[in-house]
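Down below is the structure, laid out as structure tokens.
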Amino acid sequence: MHVQQLLKEYLQLHGYWVLFVGTFLEGEAILLLAGFLAFQGYLDIIGVIATAWGGSFFGDQCYFYVGRSKGRVLLARFHSIAKKFRAALKLIEKYGNFVAFVSRFTYGFRIVLPIVLGITNLAPRTFLWINLASAFTWAVAFSLGGYLFGKSASLVLDNVANYEQYLVLVLFGIIGMAWCGHAYHVWKLKKPARERLAQIRAIRAQRKVPS
């Protein structure tokens with residue numbers, strides 16, 4: 001049996017479960033890939049959207065209730081979550097419930113924001129409806145992003161199937177560049193804070209030096 005046929009059968013059997021778990025945890029990269037594979041016929045685009053919607057929705061519901069029951073324990077135990085907690089609170093104070101809608105679109109806060117929202121006094125029913133709408137929007141946007149990537153490639157290449165592995169690498173390259181660009185932007189924003197911290201440490205070091 002042809003390798004492509006084996007791959008197609010494997011993805012049809014297990015692809016949706018892998019996609020569900022991936023979108024439950026984070027998922028942009030795997031969802032874009034799933035959208036591209038849907039264009040190639042390995043998966044169904046409606047199935048991809050529905051699976052991503054379910055995984056993303058249940059993921060954030062889980063994180064929200066983790067925040068509601070164990071949020072303060074996590075803040076006391078994990079310094080990285082505590083640091084993001086302060087930044088997340090500023091976002092919530094500035095934008096209110098809209099943060100619940102955009103939380104899955106925010107790089108670096110995808111899991112933390114629902115936990116923080118669980119600690120706040122946001123009503124569970126309100127979060128549920130916002131989460132449903134947000135998860136659907138996210139699932140459609142990234143699924144179609146991968147699908148349209150394949151569609152665009154088909155306009156340039158005679159037979160996309162012959163270039164699948166290269167197109168997957170290109171897709172991950174685009175995702176990687178986007179992540180690197182965002183990471184650089186965050187690093188640049190934090191540069192003044194790092195410089196102030198370095199100055200404070202230098203002053204403390206000078207004070208400790210005996211005259």
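The values are calculated or read from the model by the stated rules, or taken from the named source; none is laboratory data. The structure presented is a predicted model; accordingly, all values stated were derived computationally and were not measured. All Cβ positions, even for glycine, are placed from backbone atoms using ideal geometry, and neighbour counts span all protein chains on display.
Answer yes if at least one residue in the range 30-46 is in a helix (DSSP H, G or I), without any contact (Cβ under 8 Å) to a residue 24 or more places away in the chain, under 16 Å from the mean Cα position of the chain (by Cα) and crowded, with 16+ Cβ neighbours inside 10 Å, and no otherwise. Don't jump to the end; show me each part of the working.
If we filter the range 30-46 for residues that are in a helix (DSSP H, G or I), which is where we start, we get 30-39, 45-46.
Narrowing the set further to residues that are without any contact (Cβ under 8 Å) to a residue 24 or more places away in the chain leaves 30, 46.
Next, from what is left, pick out any that are under 16 Å from the mean Cα position of the chain (by Cα): 30.
Going one step further and asking which of them are crowded, with 16+ Cβ neighbours inside 10 Å, we end up with 30.
Checked the range 30-46: at least one residue is in a helix (DSSP H, G or I), without any contact (Cβ under 8 Å) to a residue 24 or more places away in the chain, under 16 Å from the mean Cα position of the chain (by Cα) and crowded, with 16+ Cβ neighbours inside 10 Å.
Of all the helices (runs of 4 or more DSSP H) wholly in the range 81-184, which have at least 1 residues that are within 17 Å of the chain's Cα centre (by Cα), farther than 22 Å from A38 by Cβ and modelled with pLDDT under 85?
Here the list reads 98-102, 112-119.
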